[in-house]
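The values are calculated or read from the model by the stated rules, or taken from the named source; none is laboratory data. Here the structure is a predicted model, which is why all the values come from computation and not from measurement. All Cβ positions, glycine included, derive from the backbone under ideal geometry; neighbour counts span all protein chains shown. We work out accessible area using only protein heavy atoms, side chains counted, and drop any ligands, DNA or RNA first. Shrake-Rupley method; radii C 1.70, N 1.55, O 1.52, S 1.80 Å.
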Amino acid sequence: MAVHQRLPSNLTELERILFFLCLYFFSAHDGVVLGVDTRATSGEVVADKNCSKIHYIAPNIYCCGTGTAADTEKTTDMLRSNLALQILSMGHNPRLIMASRILQDFLFRHKGQISAMLLLGGVDCTGSHIFTAGPYGSVNKAPFATVGSGDLPALVVFEDRFKPNMTEEDAKLLVRDAISAGNMNDLGSGSNVDLCVIRKNGTEYIRPFESSNYKCERQGKCKYPEGTTTIVKKQTINLDLVEDIQTLCSVFSRSTLLI
């Protein structure tokens, strides 16, 4: 079962800095493999070529998000703080269903005003799980999921090569190939490939798992010789100093106190 969810379309250009993400989750036999690209965009501008999109939530749970950069950061910070208190209270790692319910309640209460879609992956006492939480509070569970502007090319790779109970190495290669497909067919996705492997006995964050093979060199020089731009008009204005700097500083300090 594949999961497709989109963020609200009424985002401003400033809010789109993390909209064009490709997030890929894949459930292996004894764990979960999380994979992301590292390109963050703001409209048509590449804001960051090496953005870290995998967020630590708990020792057994990691999260990726797409949407407004500030919203995803603050939402994952909120979830991490809540689960840290739960760990101190219970004395053991939290369950994935607990994290998904916290996200579901938080996003539903804000009625889509928080432009964030989050994907949770991890392993708990009941096994490995993958959850997606939409900006309106909808939650889905699936064996794999693709989200972002490069999700369709990645989904093609998953639906063609996905098999239950794959080995860890096969799962890592499949996630890498899915991300590469998204990077090559979508301008909003690109740069490196980061992976996070969550197992029953620990977590491995691989950054980067694979670096981008498409590196370009600057063609030509951007420095222009002096006199390239013609001066059309030149005007000189003479200014008279009426007060010294010490007097101005004293006046500024008095005005600050009055405020």
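Counting only protein chains, not ligands or nucleic acids, how are Thr230, Thr203, Thr68 ordered by accessible area (probe 1.4 Å), most first?
Working: Thr230 110, Thr203 50, Thr68 20 Å².
Heavy-atom accessible area, descending, gives Thr230, Thr203, Thr68.
Pairs with C-alpha atoms separated by more than 32 Å, drawn from the list Lys49/Lys172; Lys53/Lys200; Lys49/Lys234; Lys111/Lys141; Lys49/Lys74; Lys49/Lys221, are Lys49/Lys234.
Computed with every protein chain present, the accessible area of Glu210 is close to 60 Å² [probe 1.4 Å].
Computing FRET efficiency as 1/(1 + (r/R0)^6) for Glu226 and His110, where r is the C-beta to C-beta distance and R0 is 41 Å, gives about 0.15. Label separation (Glu210 vs Leu85): 4.2 nm, computed from points 7 Å beyond Cα along the C-beta direction. With every protein chain in place and a 1.4 angstrom probe, the accessible-area ranking of Asp177, Asp30, Asp240, Asp37, largest first, reads Asp240, Asp30, Asp177, Asp37.
How would region 75-209 be classified by its alpha-carbon gyration tensor: rounded, prolate or oblate, with rounded meaning a/c under 1.5 and the a/b versus b/c comparison settling the rest?
Oblate, because a/c is 1.5 or more while a/b does not exceed b/c.
Rolling a 1.4 Å probe over the protein heavy atoms gives region 68-152 an accessible area of 43 Å² per residue.
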